[in-house]
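Note sheet for the following structure.
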Amino acid sequence: MNELILQAAQKLAQGEVVALPTETVYGLAADASNPSAVAQIFALKNRPKNHPLIAHISPDADITHWIDESRMSADIWCMTRALMAAFFPGPLTLVLPKHPNIDGQLTGGKDTIALRAPNHALFQDVLRELARLKNTKHVALAASSANLHGQDSPTKAEQVEKNFGDIFRIDGGESVIGVASTIVDLTSGVPMVSRTGHITLNDIERVLNESASHPQN
């Protein structure tokens, strides 16, 4: 095993924040089940506490651990499965009803949760090693781009170093996409694209075979 992957997983299990590459941008990551670790991301970035973080999961993760199935209609489930089949792993984030057991620190105090499965081997390797260390399959990394709030998102490890000095990081080369993930909110039963990235509004509508709304529309 890559020694850096083991070190990253150990630090995450101990409640530390590490910087990891994804296919979109580099992110500051912490164990999503550890509220004090999650709080460190907000502090490091000077990020408003009511801005949710994305929970990054494995492509084969059981999302029912993170979502509230009692608030998932048949239509929401249908859209969720279709978009996951089309774009997980990849640069798509889905906003769904939050499971009551998930701490609000991760979700910015909201009753929704944002889920994404990054398409980056190193990130997924860290997730798998963290799951092994914690002896649970229900693992996610809370993460946000590795920049101060409001600044440009880094696509290279050296940019992370410039932003946060000697924070532990894994250099995975330059991010191949370079823009943050597209975010689709499904909680109302009508797909709403709240942030557009590499995956476009047209891509979402093609998969769902229905119109999606956009805040700018």
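The values are calculated or read from the model by the stated rules, or taken from the named source; none is laboratory data. As the structure is a computational prediction, the values presented were derived from the model and not from experiment. Ideal geometry is used to build each Cβ from the backbone, glycine not excepted, and the neighbour counts take in all protein chains shown. For accessibility, only protein heavy atoms count, side chains too; no ligands or nucleic acids. Shrake-Rupley method; radii C 1.70, N 1.55, O 1.52, S 1.80 Å.
This table checks each residue for (1) buried (at least 20 other Cβ atoms within 10 Å of the Cβ); (2) under 14 Å from Thr22 (Cβ atoms); (3) of a type in the set (Val, Ile, Thr).
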| residue | (1), (2), (3) |
| --- | --- |
| Ser70 | no, no, no |
| Pro89 | yes, yes, no |
| Gly104 | no, no, no |
| Asp111 | no, no, no |
| Phe123 | yes, yes, no |
| Val126 | yes, yes, yes |
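Taken together, the residues in region 53-70 that are farther than 16 Å from Arg128 by Cβ, assigned to a loop (DSSP other than H, G, I, E, B) and either of a type in the set (Phe, Trp, Tyr) or within 15 Å of the chain's Cα centre (by Cα) (or both) amount to 2.
Every listed requirement among (1) open to solvent by less than 40 Å² (accessible area, probe 1.4 Å); (2) under 14 Å from Val139 (Cα atoms); (3) of a type in the set (Gly, Ala, Ser) is met by Ser33 save one, (1). For region 72-84, the set of residues classified as open to solvent by 40 Å² or more (accessible area, probe 1.4 Å) and touching a residue at least 40 places away in the same chain (Cβ under 8 Å) consists of Ser73, Asp75, listed by residue number. Each residue in region 91-102 was checked for being open to solvent by less than 30 Å² (accessible area, probe 1.4 Å) and either in a loop (DSSP other than H, G, I, E, B) or β-branched (Val, Ile, Thr) (or both), and 4 pass. The single condition among (1) open to solvent by 40 Å² or more (accessible area, probe 1.4 Å); (2) farther than 12 Å from Ser144 by Cα; (3) touching a residue at least 12 places away in the same chain (Cβ under 8 Å) that Ile57 does not meet is (1). Taken over region 188-217, the criterion of being open to solvent by less than 50 Å² (accessible area, probe 1.4 Å) and either within 15 Å of Leu96 (Cβ to Cβ) or among the hydrophobic types (A, V, I, L, M, F, W, C) (or both) is satisfied by Gly189, Pro191, Val193, Ile199, Leu201, Ile204, Val207, Leu208, Ala212.
Restricting attention to region 161-187 and to residues that are polar (S, T, N, Q) and open to solvent by 30 Å² or more (accessible area, probe 1.4 Å), the residue that is farthest from the chain's Cα centre (by Cα) turns out to be Asn163.
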